[in-house]
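In what follows, a structure is listed as structure tokens, so that the remarks can point back to it.
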Amino acid sequence: MRDAKLSTDEVSRRLLAWYDRHARVLPWRVPPGQGRADPYRVWLSEVMLQQTTVAAVKAYFERFTALWPNVKAMAEADDADVMAEWAGLGYYARARNLLACARAVVAQGGFPTDRAGLRELPGIGAYTSAAIAAIAHDAPETVVDGNVERVVARLFAVDTPLPRAKPELIALAETLTPALRPGDYAQAMMDLGATICTPRSPACGICPLLDLCAARAQGIAADLPRKLAKKPKPQRTGIVWLGWRGDQVLVETRPAKGLLGGTLAFPSTGWDGTDLPPPAAADWEPTGEVRHVFTHFELVLTVLVAEIAGEPDRGRLVSGETLDPSSLPGLMRKVWTLARADHRKG
DNA sequence: GTCCAGGCTT
DNA sequence: AAGCCTGGAC
């Protein structure tokens, strides 16, 4: 199953040479051989890149660094401002942890420089701690994200399915990390996975590791890494209330924990069968449905609209003109698009 | 429309 | 092991 003769030095030598020519140019990245990256920018980019594509992150990173150019500025930011800027990027616990982390870092006088210290901070796990240590400090840490798992699974033809294979893939990846330029090497591995050793149709023909790759030799590169079958998503339903008073709309901030925690939202029932009452007494009328797919279930929300007269029982009224859809998570953007069209029709 | 990729927390 | 979102590929 494994190629016992794989030369680990040869892997890093080739990857670094390839990276020197083909490194992706990214807003948070310092090109190979041009000095150290700022730990704040590495941290911010790596948190944004958790479970999120480079293409989606770029504009958010530019905006965040313009608003909050360093960790002190971020630590002093208002929670609501950070949540609003994060809206649309998903996994909102990351934004809550971002603030908690920035404040902890400022309280301790700066970012830890070693992996173990970084690992203690909110929102920084095994991957991100290694990435910051390697990229910002050129520490010889092994950085294993989804790209690296795939590259290593193919290089060594590991056919244990994920997630069971993870410890094995990490151990194999550790055998490859060089003492020289570990930061560039980590980024090279991830770039290779992102641009050549891709999930569906890997470009083996132009891969610098082509002749070292056990999966390629067996003709199974595109089949690795194997993954356990995923379970089907249940469907859930709920109601969301779009209350108007003239051109004002009723919104609320969701509870800090759980689904869409801390984000701006229109009042709704729970989405797990929890049966909350409407946020205000009114003649609620259905205007349509909104569908949204989460990690573990599909949601169908019935959108009810009404003109509300009295004081709402929960939420707050804000101007519909100035409500910025980009400050809403994706699901609530859909609700807003539907309800606003309905409201304009009258 | 469906499928899939992608780390941290509890 | 389960909860947590979105965008791109097909």
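The values are calculated or read from the model by the stated rules, or taken from the named source; none is laboratory data. Keep in mind the model is a prediction, meaning the values are calculated, not measured. Counting neighbours? That spans all protein chains shown, and the Cβs are built from the backbone with ideal geometry, glycine included.
Only one residue in A:171, A:134, A:139 is buried (at least 19 other Cβ atoms within 10 Å of the Cβ), in the same structural domain as residue A:204 (by TED's automatic domain parsing) and farther than 17 Å from residue A:193 by Cα. Which one?
A:134
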Note to self: Going residue by residue through the stretch A:256-278, is there one that turns out to be away from DNA strand C (no atom under 12 Å from the Cβ), assigned to a strand (DSSP E or B), in contact with a Ser or Thr (Cβ under 9 Å, 6 or more places away or on another chain) and touching a residue at least 24 places away in the same chain (Cβ under 8 Å)?
What the structure shows: no
Item checked: Any chance residue A:155 is within 23 Å of residue A:19 (Cβ to Cβ) and of a type outside the set (D, E, K, R) -> yes
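Select the helices (runs of 4 or more DSSP H) contained entirely in the stretch A:7-126, then report the ones holding at least 2 residues which are crowded, with 16+ Cβ neighbours inside 10 Å and hydrophobic (A, V, I, L, M, F, W, C). Full working, then the answer.
Values: elements: A:8-22, A:39-49, A:54-67, A:71-75, A:79-86, A:93-107, A:115-119.
Helices (runs of 4 or more DSSP H) meeting the threshold: A:8-22, A:39-49, A:54-67, A:71-75, A:79-86, A:93-107.
Assess whether residue A:54 counts as being among the hydrophobic types (A, V, I, L, M, F, W, C) and either away from DNA strand C (no atom under 13 Å from the Cβ) or closer than 19 Å to residue A:120 by Cβ (or both).
Numbers: among the hydrophobic types (A, V, I, L, M, F, W, C): yes; either away from DNA strand C (no atom under 13 Å from the Cβ) or closer than 19 Å to residue A:120 by Cβ (or both): no.
Considered against the rule, which asks whether it is among the hydrophobic types (A, V, I, L, M, F, W, C) and either away from DNA strand C (no atom under 13 Å from the Cβ) or closer than 19 Å to residue A:120 by Cβ (or both), residue A:54 comes out as no.
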Note to self: Among the residues of the stretch A:101-111, are any closer than 30 Å to residue A:222 by Cα and assigned by TED's automatic domain parsing to the domain that holds residue A:219?
What the structure shows: no
Next item on the list: Please list, ordered by first then second residue, the pairs with beta carbon atoms under 8 Å, 6 or more apart or interchain, first in the stretch A:117-141 and more than 25 Å from residue A:31 (Cα to Cα), second more than 7 Å from DNA strand B (Cβ to nearest atom) and of a type in the set (D, E, K, R).
Entry: A:123/A:94; A:125/A:119
Next item on the list: Go through the stretch A:304-325 and give me each residue that's exposed (fewer than 11 other Cβ atoms within 10 Å of the Cβ) and either more than 16 Å from residue A:282 (Cβ to Cβ) or touching a Cys at 6+ places or on another chain (Cβ under 9 Å) (or both).
Entry: A:319, A:321, A:322, A:324
Notebook entry, point to check: Of everything in the stretch A:199-217 that's outside any helix (DSSP H, G or I) and free of Cβ contacts under 8 Å to residues at least 24 places away in the same chain, which residue is nearest to residue A:130 (Cα to Cα)?
Noted result: A:207
Item checked: Of the criteria (1) within 16 Å of DNA strand B (Cβ to nearest atom); (2) modelled with pLDDT under 95; (3) of a type outside the set (S, T, N, Q), which one residue A:49 fails -> (2)
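Based on this model, can you work out whether residue A:172 counts as more than 16 Å from DNA strand C (Cβ to nearest atom) and touching a Phe, Trp or Tyr at 6+ places or on another chain (Cβ under 8 Å)? Walk me through how you get there before you give the answer.
Numbers: more than 16 Å from DNA strand C (Cβ to nearest atom): yes; touching a Phe, Trp or Tyr at 6+ places or on another chain (Cβ under 8 Å): yes.
Answer is yes for this residue.
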